[in-house]
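Let me begin by presenting the structure, written as structure tokens, before commenting on it.
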2 protein chains.
Amino acid sequence: MQLDAYFDGVTERDWQTVDDTVDPVRFAVVGTGWWTRKGALPALAESDFCEPAVVVDRDADSRETAAGDHDAVALDPDAFVDGDATDRYDAVYVATPNNTHREYTNAAARLGKHVVCEKPMEVSSGRARDMVDTCEERGVTLMIAYRMQLAPVARRTRELLAAGFVGEVQSVHSHVSDRLLDVNPDPDQWKLQPEIAGGCAAIQIGVYPLNTTRFVLDADPVAVQATTGWTREAFEGVDEYAAFQLEFPDGVVALCSASHDAYVSSHLKITGMEGEITIEPAFVPWRDRELVLERHDTRTHVTFDQVDQMVEEFDYFADCVRSGRTPGPDGRNGLRDVEIVESIYEAAESGRRVSL
Amino acid sequence: MQLDAYFDGVTERDWQTVDDTVDPVRFAVVGTGWWTRKGALPALAESDFCEPAVVVDRDADSRETAAGDHDAVALDPDAFVDGDATDRYDAVYVATPNNTHREYTNAAARLGKHVVCEKPMEVSSGRARDMVDTCEERGVTLMIAYRMQLAPVARRTRELLAAGFVGEVQSVHSHVSDRLLDVNPDPDQWKLQPEIAGGCAAIQIGVYPLNTTRFVLDADPVAVQATTGWTREAFEGVDEYAAFQLEFPDGVVALCSASHDAYVSSHLKITGMEGEITIEPAFVPWRDRELVLERHDTRTHVTFDQVDQMVEEFDYFADCVRSGRTPGPDGRNGLRDVEIVESIYEAAESGRRVSL
């Protein structure tokens, strides 16, 4: 029965080409923030094709604790850059503040190591481009950690759109918001410092609606208009919120918004000539997603058993490395987002449509 | 129990001040298109405080048939403008092509009759302003037929927002789409002729997200950015679709879209600091609406027994007339929408943010 087949395949690893007889990809993890400790390191420990091997952080206590939890080697960042313990790892996961992504990615590339770098890729397109160039010169694989591209709900949506399930796509609405100061009340945190973060809501979380829309549509925007602003004092001078309209080819418009100071919420809704697909919540990794499919007045709700997106991401990366493929969210994919975010800031500042 | 009280009051006529001992407001209906025949005339017949009395249309067969169905008097538009049968009616419902709204509204005002005029109010703000002025000079009540302002789902949402249910509002997403050529395949229909309609998607259906957002927020936008376009040949030169970002005071941004060539769909989602309210479908009158309330991780779905919005609208108008109140969606409310839509077209044309 077709519905059976659909249900069985819904969270399948459609990308998998290797099996668990492959040599695991041993990771050096750079940066031991909350996301690394609670997300990345447990995911590497649980993954089929990867393992945690080295932990790098400037804070000695933090790196020793994290390394101890995973039988890994602890390294100071200078020692890492100098090439210590390169025999212990094959790839590097960069999860440091945004303006240090280039430094650690390029160091890894020079050491001949493959890289998974957290999003946003860097604080400017010039720096991101340098990372792409360096990784290409050194022949290492670079993936940007867009876990949504490995989320079954996004992959099934992309397939449905490509197969014409909703007919020609007409418009997209997407939103993401969280309360940054609830997660970390420190007014001096780096996420509020544009020279370190490259901006605030647009570059830090606006990339979720931006990159996921590009992914599911399999298209890139050609122009953007935007509004950014702040209302709460802690966000003075940075984009507490950003709203941006992306014009895609063939008259498709995506209306996206991101806020670091609103109720935790996210959605992605794609409307076509014949139907509509809604994912909600869309980007929060720890809640089940509901996919709502509607066409010709028939409506289906599909609730996905949530996979661990970080495990999927690392295993996908290992599969690409071991099979010699380029990952979908590669350096150029991440660079394009940084270029678009720069145009979002330019459009908001000038009040003009910016062509991409 | 509070929940009981909420359920009992959810579709209550919170605006009602008169009772059925009041003299009914007898209506002359101008224009006998589909909406008048299937919506307005049956609603007037069913309403508590109104009744259909006169039917005006240039087409003799059409006006005679509609009048016969409702024991009403049939009038040619010239006879109506000349003041025939003014003793038979107290108010006029104008449901003609957009660029004739001024003519019939002002004729009614000069005859001392109150007016309910369909939205959009007219094809330009100059003409709409003339209607406001004429009705004020003649001391008649003018209401623009924004039935969403009488829909319980919108009224309860406005109350919840005013009471701070979601905290400070941060952003709004709203969409409306239909397939104009499915409803009427005629490529020469007036809705595709900008000189008659004043534009296409933005002015004809973009007013749903626009006016409803203004209503639920109880605020007016201060700036707009927009994109309009067409992809299908029948829409050449007009806005088959429009996307617009409205900046409201206090950093609230509404991202709205409208298309006359997409799957029938609509939604309105308001995100605040503490929670979120979603109405979906939002603007289609013949389907039950679902109101989803979410705050602090608690989520409630409220499905409304759909009231007949046209009955509500006419009875509300009669209540205003009989009690001497100004309706919420008055001429100035409708004029503001026409001004904003003009700015949407200007912003789309210029690619620049337009201040309002």
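The values are calculated or read from the model by the stated rules, or taken from the named source; none is laboratory data. Keep in mind the model is a prediction, meaning the values are calculated, not measured. Don't worry about glycine lacking a Cβ; one is built from the backbone with ideal geometry, like all the others, and counts go over all protein chains shown.
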For A:ALA85, indicate whether it is among the aliphatic types (A, V, I, L, M) and at negative phi.
no
B:GLN189 vs. criteria more than 14 Å from chain A (Cβ to nearest Cβ), of a type in the set (S, T, N, Q) and surrounded by fewer than 24 Cβ atoms within 10 Å (Cβ to Cβ):
yes
Quick test for you: out of B:GLU118, B:GLU195, B:GLU168, pick the one residue that is more than 20 Å from the chain's Cα centre (by Cα), touching a residue at least 60 places away in the same chain (Cβ under 8 Å) and farther than 18 Å from B:ALA219 by Cα.
B:GLU195
If you take the residues of region B:41-74 that are buried (at least 21 other Cβ atoms within 10 Å of the Cβ) and among the charged types (D, E, K, R), which of them is farthest from B:GLU103 (Cα to Cα)?
B:ARG63
Across region B:245-265, what is the number of residues that are small (Gly, Ala, Ser), assigned to a strand (DSSP E or B) and out of contact with any helix residue (DSSP H, G or I) (no Cβ under 8 Å at 6 or more places or on another chain)?
2
Flag for A:ILE270 being in contact with a Lys or Arg (Cβ under 9 Å, 6 or more places away or on another chain) and modelled with pLDDT of 95 or more
no
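Those residues that are of a type outside the set (Phe, Trp, Tyr), closer than 13 Å to B:VAL29 by Cβ and touching a residue at least 24 places away in the same chain (Cβ under 8 Å), I need them from region B:73-109; list them, please.
Narrowing region B:73-109 to residues of a type outside the set (Phe, Trp, Tyr): B:73-79, B:81-88, B:90-92, B:94-103, B:105-109.
Still in the running and closer than 13 Å to B:VAL29 by Cβ: B:73-75, B:77, B:85, B:88, B:90-92, B:94-96, B:108.
Matches in region B:73-109: B:LEU75, B:PRO77, B:ALA85, B:ARG88, B:ASP90, B:ALA91, B:VAL92, B:VAL94, B:ALA95, B:THR96, B:ALA108.
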On the basis of being at positive phi, more than 8 Å from chain B (Cβ to nearest Cβ), surrounded by fewer than 22 Cβ atoms within 10 Å (Cβ to Cβ) and at pLDDT below 95, does A:ASP297 make the cut?
yes
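Test of understanding: among B:VAL153, B:VAL169, which residue is among the aliphatic types (A, V, I, L, M) and within 14 Å of another protein chain (Cβ to nearest Cβ)?
Answer to the selection: B:VAL169.
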Check every one of the helices (runs of 4 or more DSSP H) wholly within region A:69-165 and list those with 2 or more residues that are closer than 30 Å to A:ARG287 by Cα.
A:152-162
Members of region A:253-265 found to be surrounded by fewer than 24 Cβ atoms within 10 Å (Cβ to Cβ) and either more than 7 Å from chain B (Cβ to nearest Cβ) or within 17 Å of A:CYS200 (Cβ to Cβ) (or both), listed by number
A:ASP261, A:VAL264
Which of the following residues is among the acidic types (Asp, Glu), more than 14 Å from chain B (Cβ to nearest Cβ) and out of contact with any Ser or Thr (no Cβ under 8 Å at 6 or more places or on another chain): A:ASP319, A:ASP308?
A:ASP308
Can you pull out the residues in region A:214-244 that are assigned to a helix (DSSP H, G or I), away from chain B (no Cβ under 11 Å) and in contact (Cβ under 8 Å) with a residue 12 or more places away in the chain?
A:ARG214, A:PHE215, A:VAL216, A:LEU217, A:ALA234
Here are some residues: B:GLU280, B:GLU274. Which one is more than 7 Å from chain A (Cβ to nearest Cβ), surrounded by fewer than 23 Cβ atoms within 10 Å (Cβ to Cβ) and over 11 Å from A:ALA243 (Cβ atoms)?
B:GLU280
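Taking A:GLU247 as the residue in question, decide whether it is within 14 Å of another protein chain (Cβ to nearest Cβ) and either under 30 Å from A:ASP188 (Cβ atoms) or surrounded by 24 or more Cβ atoms within 10 Å (Cβ to Cβ) (or both). Reasoning before the result, please.
Values: within 14 Å of another protein chain (Cβ to nearest Cβ): yes; either under 30 Å from A:ASP188 (Cβ atoms) or surrounded by 24 or more Cβ atoms within 10 Å (Cβ to Cβ) (or both): no.
Against the criterion (within 14 Å of another protein chain (Cβ to nearest Cβ) and either under 30 Å from A:ASP188 (Cβ atoms) or surrounded by 24 or more Cβ atoms within 10 Å (Cβ to Cβ) (or both)), A:GLU247 does not qualify.
Condition test on B:TYR93, is it aromatic (Phe, Trp, Tyr), over 18 Å from B:ALA43 (Cβ atoms) and buried (at least 20 other Cβ atoms within 10 Å of the Cβ)? Please lay out each step first, then the result.
Working: aromatic (Phe, Trp, Tyr): yes; over 18 Å from B:ALA43 (Cβ atoms): no; buried (at least 20 other Cβ atoms within 10 Å of the Cβ): yes.
When the stated conditions are applied, B:TYR93 does not pass them.
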Please tell me if B:ASP8 is at negative phi, assigned to a helix (DSSP H, G or I) and over 23 Å from the mean Cα position of the chain (by Cα).
yes
Among the residues of region A:339-356, which ones are within 17 Å of A:ALA258 (Cα to Cα), hydrophobic (A, V, I, L, M, F, W, C) and within 13 Å of chain B (Cβ to nearest Cβ)?
A:ILE344, A:ALA347, A:ALA348
Selection status of A:LEU268, more than 9 Å from every other protein chain (Cβ to nearest Cβ), touching a residue at least 24 places away in the same chain (Cβ under 8 Å) and either in a strand (DSSP E or B) or buried (at least 24 other Cβ atoms within 10 Å of the Cβ) (or both)
yes
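Please pick out the residue among A:VAL73, A:VAL56 that is touching a Leu at 6+ places or on another chain (Cβ under 7 Å) and over 15 Å from A:PHE314 (Cα atoms). Show your work before the answer.
Values: A:VAL73 fails: touching a Leu at 6+ places or on another chain (Cβ under 7 Å).
Testing whether each residue is touching a Leu at 6+ places or on another chain (Cβ under 7 Å) and over 15 Å from A:PHE314 (Cα atoms) leaves just A:VAL56.
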Residue list for region B:306-356, filter: under 15 Å from B:GLU122 (Cα atoms), part of a helix (DSSP H, G or I) and either at pLDDT below 95 or among the acidic types (Asp, Glu) (or both):
B:ASP337, B:GLU339, B:GLU342
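Taking the options B:ASP305, B:ASP330, name whichever one is under 23 Å from B:TYR89 (Cα atoms), in contact (Cβ under 8 Å) with a residue 24 or more places away in the chain and among the acidic types (Asp, Glu). Can you show your working first?
Numbers: B:ASP305 fails: under 23 Å from B:TYR89 (Cα atoms).
Going through B:ASP305, B:ASP330 in turn, the sole match is B:ASP330.
Any idea which of B:ARG179, B:ARG110 is within 22 Å of B:ASN98 (Cα to Cα), among the basic types (Lys, Arg), modelled with pLDDT of 95 or more and touching a helix residue (DSSP H, G or I) at 6+ places or on another chain (Cβ under 9 Å)?
Numbers: B:ARG179 fails: touching a helix residue (DSSP H, G or I) at 6+ places or on another chain (Cβ under 9 Å).
From the options B:ARG179, B:ARG110, the qualifying one is B:ARG110.
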